[in-house]
2 protein chains.
Amino acid sequence: MHAVYYELIKECSRSGARLGKLHTPHGTFDTPMFMPVGTQATVKTLSPEELYEMKAQVILANTYHLFLRPGEDIVKKAGGLHKFMNYRNGMLTDSGGFQVFSLGAMRKIEEEGVTFRSHIDGSKRFLNPEVATKVQEDLGADIIMAFDECIPYPADFAYAKTSTERTTRWAQRCLKAKKREDQGLFGIVQGGMYPDLRKYSADSLTSMDFAGYGIGGLSVGEPHELMYDVLAQTTCHLPKDKARYLMGVGTPDCLVEGVNLGVDMFDCVFPTRVARNGTAMLPTGRLVVRNAAYAEDFLPIDENCGCYTCRNFSRAYIRHLFKAEEIFALRLLTIHNLHFLLKFSQDMRTAIAEDRFPEFRENFLEHYQR
Amino acid sequence: MHAVYYELIKECSRSGARLGKLHTPHGTFDTPMFMPVGTQATVKTLSPEELYEMKAQVILANTYHLFLRPGEDIVKKAGGLHKFMNYRNGMLTDSGGFQVFSLGAMRKIEEEGVTFRSHIDGSKRFLNPEVATKVQEDLGADIIMAFDECIPYPADFAYAKTSTERTTRWAQRCLKAKKREDQGLFGIVQGGMYPDLRKYSADSLTSMDFAGYGIGGLSVGEPHELMYDVLAQTTCHLPKDKARYLMGVGTPDCLVEGVNLGVDMFDCVFPTRVARNGTAMLPTGRLVVRNAAYAEDFLPIDENCGCYTCRNFSRAYIRHLFKAEEIFALRLLTIHNLHFLLKFSQDMRTAIAEDRFPEFRENFLEHYQR
């Protein structure tokens, strides 16, 4: 038994949606779930207590960022990420692969690993499966991710094939490098937009002993319909008894479609990033609270929302705070947007439990404006 | 009886320190007290709940800023400042005088009032005793301040005299303009660094019917010893049955000296401003948490402090957040610094109640490094 494992509770008979539980050393969490992103060991603007109040379960931190600053040695000395940032629920670290590959001209990929320049001070650094695994063991999250290459979109078949095969070899090296028994290592399925490569990647990774599976390389600029197609042709090759984590996806329409295709976990900076830009997420789309239309609007962001922000503050006040460049504004919308996605995930779970997920999905998509 | 009034509970027999209660429509608060500053209708980075947890009593908001943005009409429509920002304890607005006079070349002072240009959009605006009072009635704080001129330091006697006499005439106009019965209007004693003018100002204002007295024009660049001298020569002319508010003062050494000379209320942006710059306030002085010395220091900011920040986070973590430019860092030190000054005020009150304020003061000053 892995330290982290998935328990399938119920499958929807009319869709791919599944209800489950993710068991970790820091608790058991309900899936499908959205995971707030705390890149630098903090979910921007929020306290742990605010995350508990909105019923956050697993949150993310970023290996690339923490490797560079403050350094995994300091986090290890602090007793690991949970103690360092004082968060008691589940934690997941990505492998740093995505960030390193996003550096473009500043990095060089070889079989051994990736040499890159730090975005902070330009210093030369190196990550590979062994280093990324060791760093994640020092950081000490419950779930750690294999070091992979995220294939850009578009990419030709030859590039995608070479990269996907390397990601498979790297995944094997991560498994071999892993020493800690109290963490669960997830492999990451790649394959670009090519169904054959997705099948190859899924088959080869599922033949190894991972605690769960990330689905990487989606939501990287391709049309939504293509993403859903490729996703469908990926989840169908994944085992039912392992969690499936669609990486970097965090709008409600993508969540509901992902769940429809059998995804259990999601993460994205979208809700927190647009919050800091003055945009609130609604079941029907978005509300740009900076707009002059809200200057004298004393209603909450969403009258039907139960979040701290909507229980206590008006659109007019939040707009004022944004116009006045007050930090509390960023916090109030961050709370609202994360609460929205967490509640939305809970609503999806309830719908699956009550055998009405297809209707839930249809009703949501009918009213939502992307 | 005023809507806002001071109740003297106890006088120290060996100093000017006094224990009291300030009664307001939003509750009765203990003095001596420090009042956190929420310039733009938000104490920067904090929620109302965080202010309650640190036992904040009265907080400030700024007439100049709110007059310009969002405009007092919007705050009035929201139901006043308390409702707009969702704060349930006491509130005080300054008159805007200090900010307007700080604009320097961008304003013109005449007997009728002050014409100035907005720092936001450069538009021409006007404030005088009648407008400032009306704006403060629309904002709806418990305590409102007379529109005064803050005399710069240094200033010659002739300028100080002319200005102080005008401040007196303006105070009379504020009293006359005041309509709301549920707010307390404080006069502001000016007089520059001239004891004769301070006496004139105090005598003329105390002959009018104010709910309390601000002491303005101190801590404007003069040496500390001069400030204490002038303060002593001001409080001695103020009645015992009215609150005395030393405006713009907020370091613990100035607080303890102010209390020693009979002051009941203080406010300052210092604790919140230095917090956002990475400086924590300690009973012995300051700790610059950004310093490399704290990179692997897993102690709290102050082991003896009971604030949220010190109960939950280490110097190493807070330093990391500052280095990574994370907003949560600003919030954590703001909480610590305000908690420190509020607790310090509470400790002064206890010392007065227990007849040991002079020893408290001596002990504090012995260990404190400015």
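The values are calculated or read from the model by the stated rules, or taken from the named source; none is laboratory data. What you are looking at is a predicted structure, and each value in this text was computed from that prediction instead of being measured. All Cβ positions, glycine included, derive from the backbone under ideal geometry; neighbour counts span all protein chains shown. Surface accessibility is based on the protein's heavy atoms, side chains included, excluding ligands, DNA and RNA. Shrake-Rupley method; radii C 1.70, N 1.55, O 1.52, S 1.80 Å.
Solvent-accessible area assigned to carbon and sulfur over the protein assembly as shown amounts to 49 percent, based on a 1.4 Å probe. Measuring nothing but how far apart in sequence close Cα pairs (under 8 Å, 6+ apart) lie, relative to its length, the range A:82-218 scores a relative contact order of 22 percent. Take B:LYS108, push a point 7 Å out from Cα through the beta-carbon direction, and compare it with the same point in every other copy: 6.8 nm, smallest first. Below 8 Å, C-alpha to C-alpha, sequence gap of six or more: please give me the relative contact order for the range A:5-269 in percent. Relative contact order here is 19 percent.
By the gyration tensor of its Cα atoms, with a ≥ b ≥ c the square roots of the eigenvalues, what is the shape of the range A:212-370: rounded for a/c under 1.5, prolate for a/b over b/c, or oblate? All intermediate terms of the calculation are to be shown ahead of the outcome.
Numbers: a/c = 2.40, a/b = 1.93, b/c = 1.24.
In terms of gyration-tensor shape, prolate.
Looking at this model, which pairs from B:LYS21/B:LYS178; B:LYS44/B:LYS240; A:LYS44/A:LYS323; B:LYS77/B:LYS240 are more than 27 angstrom apart at the alpha-carbon? Over 27 Å apart, Cα to Cα: B:LYS44/B:LYS240; B:LYS77/B:LYS240.
Rounded to the nearest 0.05, what FRET efficiency do B:THR350 and B:THR206 give with R0 = 30 Å and r taken as the Cβ-Cβ distance? Could you check? Once the sixth-power term is evaluated, E becomes 0.50. Annotation: amide H-H contacts under 5 Å for A:LEU282 (H modelled 1.01 Å from N, sequence separation of 5 or more, or interchain): A:LEU287. Between B:LEU342, B:LEU22, B:LEU299, the Gaussian network model of chain B with springs among Cα atoms under 10 angstrom shows the greatest mean-square fluctuation at B:LEU299. Ranking A:LYS10, B:LYS83, B:LYS76 from most to least accessible surface, computed with a 1.4 Å probe over the protein chains only, gives B:LYS83, B:LYS76, A:LYS10.
Listed by chain and number, the aspartates and glutamates placed with their C-alpha closer than 12 angstrom to that of A:LYS134 are A:GLU72, A:ASP73; residues fewer than eight positions away on the same chain are left out. Using R0 = 51 Å, the C-beta based FRET efficiency linking A:LYS108 and A:ASN363 works out to 0.55. B:CYS236 contributes about 90 Å² of solvent-accessible surface, heavy atoms of the protein only, 1.4 Å probe. The longest stretch of chain A left intact once loop-based GluC sites (Glu not before Pro) with at most 14 other Cβ atoms within 10 Å are removed from consideration, loops following DSSP, is A:182-302.
What is the interface area between chains B and A, defined as buried accessible area summed over both chains with a 1.4 Å probe, reported in Å² to the nearest 100?
3200
For B:VAL269, the solvent-accessible surface with a 1.4 Å probe is about 50 Å², rounded to the nearest 10. Oblate is the label for the range A:155-263, because the ratio a/c of its alpha-carbon gyration tensor axes (a ≥ b ≥ c) is 1.5 or higher and a/b is not greater than b/c.
Considering only protein heavy atoms, what per residue accessible area in square angstrom results for the range A:212-355 with a 1.4 angstrom probe?
Numbers: 4640 Å² over 144 residues.
For the range A:212-355, the solvent-accessible area averages 32 Å² per residue.
Going from the chain on its own to the full set of protein chains, the range A:74-105 has these residues losing 10 Å² or more of accessible surface (heavy atoms, 1.4 Å probe, no ligands, DNA or RNA): A:ILE74, A:LYS77, A:ALA78, A:PHE84, A:MET85, A:ASN86. 3J(HN,Hα) couplings calculated from phi for the range B:263-268 with the Karplus curve 6.51 cos²θ - 1.76 cosθ + 1.60 (θ = phi - 60°) are, in sequence order, 7, 10, 9, 9, 8, 5 Hz; Gly and Pro show x. Once the label point is placed 7 Å from Cα along Cβ, list for A:LYS176 the distances to the corresponding points in the other copies, in nm, shortest first. Label-point distances to the other copies, shortest first: 9.2 nm. Distance between the modelled labels on A:LYS179 and B:LYS179, one decimal in nanometres: 7.6 nm (7 Å Cα→Cβ projection). Within chain B, the whole DSSP H helices whose Cα atoms reach 24 Å or more along their own axis and whose mean Kyte-Doolittle score is at least 0.5 are B:327-353. The chain A residue nearest the rotation axis shared with chain B, using its Cβ and rounding the distance to whole Å, is A:ILE327, 3. Buried on complex formation within the range A:31-66 (loss of at least 50 square angstrom of accessible surface versus the isolated chain, 1.4 Å probe, ligands and nucleic acids ignored): A:GLN40, A:THR42, A:THR45. How far, in nm to one decimal, is A:LEU299 from itself in the other copies if the label point is set 7 angstrom along Cα toward Cβ? Shortest first, please. Listed shortest first, these distances are 5.4 nm.
Where the only charges are on Cβ atoms (+1 Lys, Arg; -1 Asp, Glu), what is the dipole of the range B:5-269 about its Cα centre, to the nearest 20 debye? Display every interim value, and only then the final one.
Details: 30 positive and 34 negative charges, 109 e Å.
Computed about the Cα centre, the dipole is about 520 debye.
Surface exposure of the range B:149-194, expressed per residue as accessible area with a 1.4 Å probe, stands at 45 Å².
Only one residue of B:PRO48, B:THR234, B:PRO300 has its Cα farthest out toward the positive end of the dipole of chain B, where Lys and Arg carry +1 and Asp and Glu -1 on Cβ, and that residue is B:PRO48. Within the range B:271-313, the residues that become at least 10 Å² less accessible when every protein chain is included than when their own chain is isolated (1.4 Å probe; DNA, RNA and ligands ignored) are B:ALA295, B:GLU296, B:PHE298, B:TYR308, B:ASN312, B:PHE313.
Remark on B:CYS268: its backbone amide H falls under 5 Å from those of B:MET35, B:VAL37, a criterion applied only to residues 5 or more positions apart or on other chains, H modelled at 1.01 Å from N. Helices in the protein assembly as shown, meaning DSSP H runs of at least 4 residues, each add -39500 (n - 2.57). Divided by all residues, the mean residue ellipticity at 222 nm is -12000 deg cm²/dmol. For B:CYS254, neighbours were defined as the other residues whose beta-carbon sits under 13 Å from its Cβ, and their charges (Lys and Arg +1, Asp and Glu -1) total -3. Label-to-label distance, A:THR115 versus B:ASN312, with points set 7 angstrom from Cα along the beta-carbon direction: 4.4 nm. B:ASP156 exposes around 100 Å² of accessible area when a 1.4 Å probe is run over every protein chain in place.
Partners of A:LYS161 within straight-line reach, counting aspartates and glutamates whose Cα lies under 12 Å from its Cα and excluding those fewer than 8 residues away in the same chain: A:GLU149, A:ASP196.
When the label point is put 7 Å from the Cα of B:ASP241 along its Cα-to-beta-carbon vector, which residues of the range B:187-213 have a backbone N closer than 18 Å? Counting backbone N atoms under 18 Å from the label point, the list is B:187, B:203-213.
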